[in-house]
Amino acid sequence: MHFNEQQADFLNLFGLGSTISLALAIGAEFFCSMLLMLGLLTRLVLIPLIITALVIVFIAHGGDIVGDGSAGFLLLVGYITSLLLGAGDYSLDAYIFKP
């Protein structure tokens, strides 16, 4: 929501431009999060989410895991934990890719 208003103030990551950086962040946070909730391609969709959380914590907030970057840090911990543990028995991954 309000993409045009936020793109001017968004972080210009690696010289991509603030519009592209915002579009990539929105894509990761929306589409990858939807697939993660469904448990579909779990480990694959966690990669962009982890990258986004790393950018939030260490680039946008300068590694401040106690103050402004605490929400991003908690997301990062959850994403890494999910990456290590996998989707679980009640996910679409387990249903589709049964051994």
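The values are calculated or read from the model by the stated rules, or taken from the named source; none is laboratory data. Everything quoted here is computed from the prediction, not taken from an experiment. Here the Cβ positions follow ideal geometry from the backbone for every residue, glycine too, while neighbour counts run over all protein chains shown. Ligands, DNA and RNA are excluded from the accessible area calculation, which covers all protein heavy atoms including side chains. Shrake-Rupley method; radii C 1.70, N 1.55, O 1.52, S 1.80 Å.
Hey, D93 hits all of (1) part of a loop (DSSP other than H, G, I, E, B); (2) touching a residue at least 24 places away in the same chain (Cβ under 8 Å); (3) not aliphatic (A, V, I, L, M) but one; which does it fall short on?
(1)
Which residues, counting only those in the range 88-99, are surrounded by 10 or more Cβ atoms within 10 Å (Cβ to Cβ), at pLDDT 90 or above and not β-branched (V, I, T)?
The first filter runs over the range 88-99 and keeps only residues surrounded by 10 or more Cβ atoms within 10 Å (Cβ to Cβ), leaving 88, 91-97.
Pick out the ones that are also at pLDDT 90 or above and you get 91-96.
Once the filter is applied, which keeps residues that are surrounded by 10 or more Cβ atoms within 10 Å (Cβ to Cβ), at pLDDT 90 or above and not β-branched (V, I, T), the range 88-99 yields S91, L92, D93, A94, Y95.
What are the residues in the range 42-89 that are of a type in the set (D, E, K, R) and closer than 17 Å to A28 by Cβ, if any? Steps first, please.
Here is the first cut: in the range 42-89, the ones of a type in the set (D, E, K, R) are 43, 64, 68, 89.
If the condition is that a residue be of a type in the set (D, E, K, R) and closer than 17 Å to A28 by Cβ, then R43 is the only one that fits.
Being open to solvent by 80 Å² or more (accessible area, probe 1.4 Å), at pLDDT below 90 and either under 21 Å from L13 (Cα atoms) or in a helix (DSSP H, G or I) (or both): is that true of D64 here? If you could, list the steps in order and put the result at the bottom.
Details: open to solvent by 80 Å² or more (accessible area, probe 1.4 Å): no; at pLDDT below 90: yes; either under 21 Å from L13 (Cα atoms) or in a helix (DSSP H, G or I) (or both): yes.
For D64, the condition - open to solvent by 80 Å² or more (accessible area, probe 1.4 Å), at pLDDT below 90 and either under 21 Å from L13 (Cα atoms) or in a helix (DSSP H, G or I) (or both) - is not met.
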